[in-house]
Amino acid sequence: MTGDDQKLDVVLEISGITPLPEDKEIMLTNFVTAREQAALLWSVAEARYEEPGLIFSAKL
């Protein structure tokens, strides 16, 4: 069992969800992808805060 698999098990247990084994494999893939995407988003300093680093006025 991998670290991500254990983390997913905790999330599922807290949520009260017991998926079928084939569904759990899909959930694990999506769980890992979401964690990787979140890490990429947080690697951009301007994306970490409420107000983005670039502010512009839209022209109509």
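Considering Glu22, Glu51, the condition of being open to solvent by 100 Å² or more (accessible area, probe 1.4 Å), over 17 Å from Gln6 (Cβ atoms) and at pLDDT 85 or above is satisfied by Glu22 alone. Among the residues of segment 1-10, those identified as in a helix (DSSP H, G or I) and open to solvent by 70 Å² or more (accessible area, probe 1.4 Å) are Gln6, Lys7, Val10.
The values are calculated or read from the model by the stated rules, or taken from the named source; none is laboratory data. Because the structure is a prediction, the values reported are computed rather than measured. Cβ sites come from the backbone with ideal geometry, for glycine too, and all protein chains shown count toward neighbours. The accessibility values were calculated without ligands, DNA or RNA, using every heavy atom of the protein model including side chains. Shrake-Rupley method; radii C 1.70, N 1.55, O 1.52, S 1.80 Å.
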